[in-house]
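Visitor: Supplied in structure tokens, the structure appears directly below.
The values are calculated or read from the model by the stated rules, or taken from the named source; none is laboratory data. Computed from a prediction, not measured in an experiment: that's the story for all the values here. Here Cβ is always computed from backbone atoms with ideal geometry, including for glycine, and neighbour counts include all displayed protein chains.
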Amino acid sequence: MLITPRQDKLNKIVILNPKGGCGKSTLATNLAARYAKDGPIPALMDFDPQGSTTAWLNRRSPDLPAIHGVAAFKKSMQATRSWQLRVPSDTVNILVDSPASVGHDDLRELTRDATSILMPVLPSSMDIHAASRCIADLLLVAKIDRRDKKLAVVANRTRKNTKSFGKLMRFLDSLGIPIIAVLRDSQNFVYAAEKGIGLCEMQPSRVRQDVEEMENIVRWLDAWPERRRAVATAENRQPIARSSILRRPQFGSA
Ligand SMILES: Nc1ncnc2c1ncn2[C@@H]1O[C@H](COP(=O)(O)OP(=O)(O)OP(=O)(O)O)[C@@H](O)[C@H]1O
Ligand SMILES: [Mg+2]
């Protein structure tokens, strides 16, 4: 039976970026496989009508660690307000894969109760620009408070020593948003997607570098209770200046 899991333990990880093809489903599936490996069984909620993560799950061998799939796109997002009702009661980790374009209502809905929000970003100027608009919407529309440190960026298909990566770093630094991992362009991701597996389920010698970066993401995600405590106990927390909320972050203004 599907009932509400215990709220205080729930780790809801939302992966979003309105830019198509930036790596949302890749992150969602690899993280789901990684959480499945250690258990308890994670949930993978697919809000994208393309159904990429649902298809990945269908390709997954039943011999591999289980993942509870929810094809959430089959209902409208408004109808899934009680999304908690749709995962098993002992679920701790929930990965939410989102579609490329998300309206304001859906953005609020998707990010409600999120412990972490991950944004994969490709380091081209156009992608960084789209990410900046998405960050603005998260701050202004979904009312994500930067001081809560829920939001992090994963630079995808890039290398650290490139010009565009430097640009992305400067832009995010100006907003106090961390880049927690840098994933290289690698056929390992494509292979894992085709086979319904995660990188952590591939031959370690082949994927060492990629798995190390994925582990950086998992470490940051798993620190969500500490992040939440740090925010709760922050002394003299000043109300955020209205001007800094309302100013749309602009890529290039860093
Ligand atoms: N680091 C990477 N190296 C190589 N290929 C990658 C990498 N990340 C993603 N890809 C490939 O890029 C394509 C797009 O990735 P993915 O489907 O994860 O993006 P998405 O953001 O979910 O796209 P959409 O917005 O259409 O849902 C896929 O074919 C995926 O296998
Ligand atoms: Mg996708």
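Visitor: Exactly one of these conditions fails for Asp113: (1) modelled with pLDDT under 95; (2) within 20 Å of Lys150 (Cα to Cα); (3) within 16 Å of ligand 1 (Cβ to nearest atom). Give me its number.
Guide: (3)
Visitor: Has the range 54-66 got at least one residue that is at pLDDT below 95 and among the hydrophobic types (A, V, I, L, M, F, W, C)?
Guide: Just the residues of the range 54-66 that are at pLDDT below 95, to begin with: none.
No, the conditions are met nowhere in the range 54-66.
Visitor: Report, by residue number, each residue of the range 181-212 that is touching a helix residue (DSSP H, G or I) at 6+ places or on another chain (Cβ under 8 Å), within 25 Å of Gly166 (Cα to Cα) and acidic (Asp, Glu).
Guide: Correct list: Asp210 only.
Visitor: Could I ask something else about it? Would you mind finding the one in Ala55, Ala28 that is within 12 Å of Ile197 (Cα to Cα), of a type in the set (A, V, I, L, M, F, W, C) and without any contact (Cβ under 8 Å) to a residue 24 or more places away in the chain?
Guide: Exactly one residue qualifies, and that residue is Ala55.
Visitor: Kindly establish whether Gly69 is more than 23 Å from Val182 (Cα to Cα), of a type in the set (Gly, Ala, Ser), modelled with pLDDT of 95 or more and within 16 Å of ligand 1 (Cβ to nearest atom).
Guide: Yes: the conditions hold for Gly69.
Visitor: State all residues of the range 184-209 that are part of a helix (DSSP H, G or I) and within 19 Å of Arg59 (Cα to Cα); if no residue qualifies, say none.
Guide: Once the filter is applied, which keeps residues that are part of a helix (DSSP H, G or I) and within 19 Å of Arg59 (Cα to Cα), the range 184-209 yields Gln187, Asn188, Phe189, Val190, Tyr191, Ala192, Ala193, Glu194, Lys195, Leu199, Cys200, Glu201.
Visitor: Taking the residues in the range 35-53 that are surrounded by 24 or more Cβ atoms within 10 Å (Cβ to Cβ) and in a helix (DSSP H, G or I) as candidates, determine which candidate is nearest to ligand 2 (Cβ to nearest atom).
Guide: Thr53
Visitor: Another question, if that's okay. Here are some conditions: (1) more than 23 Å from Ala130 (Cα to Cα); (2) at pLDDT below 95. Lys12 meets all but one. Which one does it not meet?
Guide: Exception for Lys12: condition (2).
Visitor: Follow-up question, since we're still on this one. If we scan the range 23-40, do we find a residue that is at pLDDT below 95 and within 16 Å of ligand 1 (Cβ to nearest atom)?
Guide: no
Visitor: Tell me which of these Leu95 doesn't satisfy, since it passes every other one: (1) closer than 27 Å to Arg228 by Cβ; (2) at pLDDT below 90.
Guide: Result: Leu95 passes all but (2).
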